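Only one structure is covered here, and it is reproduced in the block below.
Laboratory data are not the source of any read-out in this text; all were calculated from the coordinates shown. Please read these numbers as outputs of a predicted model, since none were measured by experiment. Using ideal geometry, Cβ is built from the backbone for each residue, glycine included, and neighbour counts are taken over all protein chains shown.
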Amino acid sequence: MKRALDTARSDNFSEWYQEVVRKSDMAETSAVRGCMVIKPWGYGIWELIQAELDRRFKETGHENCYFPLFIPLDFIAKEAEHVEGFAKEMAVVTHHRLKTIDGELVPDPDAELTEPLIVRPTSETIIADSFRNWIGSYRDLPVLVNQWANVVRWEMRTRLFLRTAEFLWQEGHTAHVDRDDAFEETLRMLEVYRDFAESVMAMPVIAGEKTENERFPGADNTFSIEAMMQDGKALQAGTSHYLGTHFSEAQGIKYQSAEGDEKFAHTTSWGVSTRLVGGLVMTHGDDDGLRVPPALAPQQIVILPRLKGDDSDAPILEYCDALRKRLIASRALGAPIRAQVDKKDKNASAKRWDWVRRGAPLLVEIGPREVEANAVSVLRRDALYEGEKVKPGNTAADEFANTAASRLEDIQSAMHGQAKSFMENRIESGIAEFGALGEFFGEASEDEDGPSEGPLRWARVPWCKPAGAALEAVEAKLDPLKLTIRNAPLDQNGVSGACIFTGEEAVEEILIARAY
RNA sequence: CGGGGCGUGGCGCAGUCUGGUAGCGCACCUGCUUUGGGAGCAGGGGGUCGGAGGUUCAAAUCCUCUCGCCCCGACCA
């Protein structure tokens with residue numbers, strides 16, 4: 001059977017991923033090492049992600065603002081763990097002028113900055129500096145801000161969307177009177193991410209707490225949402241941190257309480273990035289390309305006129321335009337329907353496959369027959385095939401216009417359902433001892449609805465939550481198996497039995513998986 | 001940063017061993033034909049072979065250096 005991509009997921013998952021990103025017209029590599037060009041279809045998806053998250057952030061009381069791209073080097077040095085965590089991947093600005101020397105344009109040796117600036121890898125320190133000025137009294141708290149920005153982390157190996165040297169994200173930063181208030185905020189935003197992933201991205205995730213070794217540099221607690229990709233690997237899709245008073249103490253974010261004494265504010269930070277787009281690809285893509293859940297599709301319905309290049313075209317185009325007008329007048333998933341007529345002068349079936357690769361949820365094909373019968377031919381991207389054939393369904397135009405919204409909503413929930421059962425069927429919770437864990441991840445597993453390569457599953461196992469050296473020992477056991485502890489899910493189903501690492505009594509369950 | 005691989009029109013590749021001055025497929029442009037499922041035929045445009053230096057009468061091809069990309073590790077959202 002001919003598919004729209006050259007590489008199948010089961011052939012080579014990472015090659016497949018690259019091909020989807022490129023052939024769906026989302027992004028491409030750029031002339032700059034490790035940095036990508038996000039093209040309109042990919043950026044359109046990101047804009048919808050932004051719009052929906054932004055709405056949710058504001059609904060939970062946050063306001064947007066903007067802090068500088070550059071951070072003075074000594075700011076980073078103020079929080080010890082923070083330096084440790086980011087030092088190895090900083091882009092540093094050292095000069096402010098160029099000069100031609102021996103015919104070559106180079107940084108002017110006489111224009112060296114007295115203090116180097118770093119390009120933000122994250123903004124805790126520069127924002128803390130402002131918080132110090134903004135906060136004087138308990139009446140100023142909480143401070144709840146968010147910024148949409150680009151950040152730079154000089155990664156060794158990059159992959160489009162999943163790990164690029166520069167990426168787009170949002171970072172929320174808040175300050176609170178005490179631990180309870182800050183902790184509540186941390187969990188609130190984690191829940192915003194979880195719900196967004198599930199209901200908007202149709203990407204099932206598991207929310208939980210990271211182990212102490214996986215914490216954000218400078219955090220007391222780090223929580224994540226973890227999504228299962230179709231190769232069975234875990235993708236950390238969002239994080240929310242309770243920072244305690246680390247940054248407040250490092251940078252003097254103090255306030256006077258009602259009782260008159262001076263206290264450090266408790267801060268949080270939380271973020272998601274363009275990595276979500278990579279997660280979308282690996283959650284919903286298939287061997288014909290991307291499938292975009294309707295809530296995030298820049299065009300939810302693409303109308304493809306079947307043109308001949310003669311007089312017969314005019315009524316077809318007119319019919320398509322009228323249909324589009326009707327569609328965009330109605331709403332689906334809480335917003336006006338986004339529909340487009342692709343009038344490009346190109347073979348109709350070539351255009352069809354272009355849109356299949358991009359993953360537009362509904363494709364409507366209109367030729368003389370449809371115009372004649374006042375009908376439409378419709379393809380659902382999430383269910384392209386009937387057996388081995390692509391068979392558009394024929395429907396009256398009125399009926400289609402009236403049901404377009406519910407069709408889109410169907411697709412949204414079908415995609416979520418499919419991804420959810422994929423994940424749920426692959427989380428094993430019956431492993432009671434470490435040896436069985438090795439066997440579980442060692443064996444090659446195969447499935448009808450997924451790629452046959454690699455560890456297709458996760459394990460949910462009881463442990464005693466060791467710390468320090470004991471935790472290091474656990475990680476050392478997992479390392480040869482290339483396994484990592486993803487998180488301790490927030491919804492614990494009642495733990496019983498012994499820790500699979502130490503045999504001591506277990507206190508909670510954790511997720512174990514290979515990860516991106 | 002360690003190991004491996006690769007850089008030739010927009011994309012994918014052949015040519016490199018055995019130096020003689022660039023070719024194929026897709027894409028693109030023009031024309032004609034075709035049109036219910038990713039069109040056919042004909043004609044055409046576009047590259048000096050990642051970059052720099054060297055050897056040579058002559059370099060995509062040999063040598064040196066360098067940059068970048070991909071895969072596996074380490075690191076990471």
Determine the relative contact order of the stretch A:370-516: mean sequence separation of Cα pairs under 8 Å and six or more apart, normalised by residue count, in whole percent. 20 percent
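Between rounded, prolate and oblate, where does the stretch A:298-361 land on the alpha carbon gyration tensor, with a ≥ b ≥ c its root eigenvalues, rounded for a/c under 1.5, else prolate if a/b exceeds b/c?
oblate
Please work out whether the stretch A:372-516 counts as rounded, prolate or oblate from its C-alpha gyration tensor, where a ≥ b ≥ c are the square roots of the eigenvalues and a/c under 1.5 means rounded, while otherwise a/b larger than b/c means prolate and anything else oblate?
Values: a/c = 4.24, a/b = 2.72, b/c = 1.56.
The shape class here is prolate.
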Kirkwood Rh and Cα Rg combined as Rg/Rh, the stretch A:215-310: 1.30
Would you please classify the overall shape of chain A from the alpha carbon gyration tensor, given that a ≥ b ≥ c denote the square roots of the eigenvalues, rounded means a/c under 1.5, and beyond that prolate means a/b larger than b/c while oblate covers the rest? prolate
Please list, or write none, the lysines whose alpha carbon is within less than 26 Å of the alpha carbon of residue A:346, excluding same-chain residues fewer than 8 places away. A:2, A:23, A:39, A:308, A:325, A:389, A:391
Computed [θ] at 222 nm, deg cm²/dmol, chain A (DSSP H ≥ 4; -39,500 (n - 2.57); rounded to nearest 500): -10500 deg cm²/dmol
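May I ask you to derive the relative contact order of chain A, considering only C-alpha pairs under 8 Å and at least 6 residues apart, and to give it as an integer percent? Display every interim value, and only then the final one.
Numbers: 1032 pairs, mean separation 76.2, N = 516.
15 percent.
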For residue A:322, put the label point 7 Å out on the Cα→Cβ axis and report which residues of the stretch A:396-436 keep their amide N under 14 Å from it. A:397-399, A:401
Setting aside same-chain residues fewer than 8 positions from residue A:78, which aspartates and glutamates have a Cα under 12 Å from its Cα? A:124, A:129, A:249
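Would you tally the net charge around residue A:162, using a Cβ to Cβ cut-off of less than 15 Å, leaving residue A:162 out, and scoring K and R as +1, D and E as -1?
Residues close to residue A:162 contribute a combined charge of +1.
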In sequence order, what are the phi-derived ³J(HN,Hα) couplings for the stretch A:238-253 according to the Karplus relation 6.51 cos²θ - 1.76 cosθ + 1.60 with θ = phi - 60°, rounded to whole Hz, with x for glycine and proline? x, 9, 9, 10, 9, 9, x, 10, 4, 6, 5, 5, 5, 10, x, 8
Sort by residue number and report every cysteine in chain A with no other cysteine beta carbon within a distance under 4.7 Å. A:35, A:65, A:320
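Can you compute the FRET efficiency between residue A:498 and residue A:424 using 1/(1 + (r/R0)^6), with r the Cβ-Cβ distance and R0 = 41 Å? Round to the nearest 0.05. Let's see the in-between values first.
Working: r = 25 Å, r/R0 = 0.62.
My answer for the efficiency is 0.95.
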How high is the relative contact order of the stretch A:169-300? Use alpha-carbon pairs under 8 Å, at least six apart in sequence, and give a whole percent. 29 percent
